[in-house]
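Just below is one structure, and these are the notes that go with it.
The values are calculated or read from the model by the stated rules, or taken from the named source; none is laboratory data. Because the structure is a prediction, the values reported are computed rather than measured. Note that each Cβ is placed from the backbone with ideal geometry, even for glycine, and that neighbours are counted across all protein chains shown. Just so you know, the surface numbers come from the protein's heavy atoms only, side chains and all, with ligands and any DNA or RNA stripped out. Shrake-Rupley method; radii C 1.70, N 1.55, O 1.52, S 1.80 Å.
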Amino acid sequence: MMESVLVLFLSIIPSLHLSAQGVLNQFSYENLRFSGIQADVGLLGATNLTGALAGGVRVDYGMIAPKVRVLFGLSYFRSQFSDQARARFEQRLKGIVIDPTADDTIRVGRISLSDVIGDVDFQFVFPQGHSATVYLGAGVGIHVRHGSGAAIKGTFVEDALDVITAGLNGSMGAEVRLSPAWRLTVDGRGTLSSGLNTVSLRTGLMYRLRGSREQGAGKQ
């Protein structure tokens, strides 16, 4: 019985090797080149933060495989910690403060958090004729965060908020052709990172270089 299983396994290995090799052969650096640039802005929601505006730029760097394109992005947002998050913080502080008369009030005031994000996305595109392209994407990013506020200035709390960390993101959206060069973009994005998860919905404009206007729709 074991010999039969071994023979079957050894017979499958060559086909698996050829299949994997075929997939890898579809990836190529030949079509990677500066193909377009996009600016976008939209609403962002995050854990423990109030809603904020987020903006950024994104560079389309061409197709790394059939229907798979590479984009590099840089974006920024700044937001305040929500009333609920600050109330929990104040309650924790009140619990360790010695107050025999129970008449002290703790107010930490506004605490802000900003984030500069650099990321790379791999987007699988689904051309919808010549007028639009729908895509699904996944990628990784680097987050450079900074916390600020009168109550935390110069404390370990500010140090804890000032971090550089990695994150994972997923996206879905569409490009709509406005002219041979210009595209209207709509992008929904979710990000998972240490200490902060966000979702955003942005819209923007992309300019495509002449040689990449068909490639942007997933054609090579």
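Against the numbered list (1) at pLDDT below 80; (2) out of contact with any Leu (no Cβ under 6 Å at 6 or more places or on another chain), Ala138 comes up short only at (1).
For segment 114-122, the criterion of being at pLDDT 80 or above, surrounded by 14 or more Cβ atoms within 10 Å (Cβ to Cβ) and farther than 17 Å from Ala166 by Cα is met by none of the residues.
Do you know which of the residues in segment 211-220 that are open to solvent by less than 70 Å² (accessible area, probe 1.4 Å) and either in contact with a Gly (Cβ under 8 Å, 6 or more places away or on another chain) or assigned to a loop (DSSP other than H, G, I, E, B) (or both) is modelled with the highest pLDDT? Among residues in segment 211-220 that are open to solvent by less than 70 Å² (accessible area, probe 1.4 Å) and either in contact with a Gly (Cβ under 8 Å, 6 or more places away or on another chain) or assigned to a loop (DSSP other than H, G, I, E, B) (or both), the one modelled with the highest pLDDT is Ser212.
The set of residues from segment 135-161 being out of contact with any helix residue (DSSP H, G or I) (no Cβ under 6 Å at 6 or more places or on another chain) and among the β-branched types (Val, Ile, Thr) comprises Val140, Ile142, Val144, Thr155, Val157.
Just one residue in the set Gly141, Gly149 is open to solvent by less than 60 Å² (accessible area, probe 1.4 Å) and closer than 22 Å to Ile64 by Cα; that residue is Gly141. Scanning segment 85-111 for residues that are of a type in the set (A, V, I, L, M), open to solvent by less than 100 Å² (accessible area, probe 1.4 Å) and part of a helix (DSSP H, G or I), we see that the one that is modelled with the lowest pLDDT is Leu93. Just one residue in the set Ser200, Ser194 is modelled with pLDDT under 95 and under 17 Å from Asp115 (Cβ atoms); that residue is Ser194. Taken as a whole, segment 118-136 holds no residue that is more than 24 Å from the chain's Cα centre (by Cα) and under 20 Å from Ser79 (Cα atoms).
Collect the residues in segment 46-74 that are over 22 Å from Leu209 (Cβ atoms) and open to solvent by less than 30 Å² (accessible area, probe 1.4 Å), keeping them in residue-number order. The answer is Ala46, Leu49, Ala52, Ala54, Gly55. In segment 152-210, of all residues being of a type in the set (Ser, Thr, Tyr), part of a strand (DSSP E or B) and open to solvent by 40 Å² or more (accessible area, probe 1.4 Å), the one that is farthest from Ala138 (Cα to Cα) corresponds to Tyr207. Across segment 59-84, the number of residues qualifying as hydrophobic (A, V, I, L, M, F, W, C), at pLDDT below 95 and touching a strand residue (DSSP E or B) at 6+ places or on another chain (Cβ under 8 Å) comes to 4.
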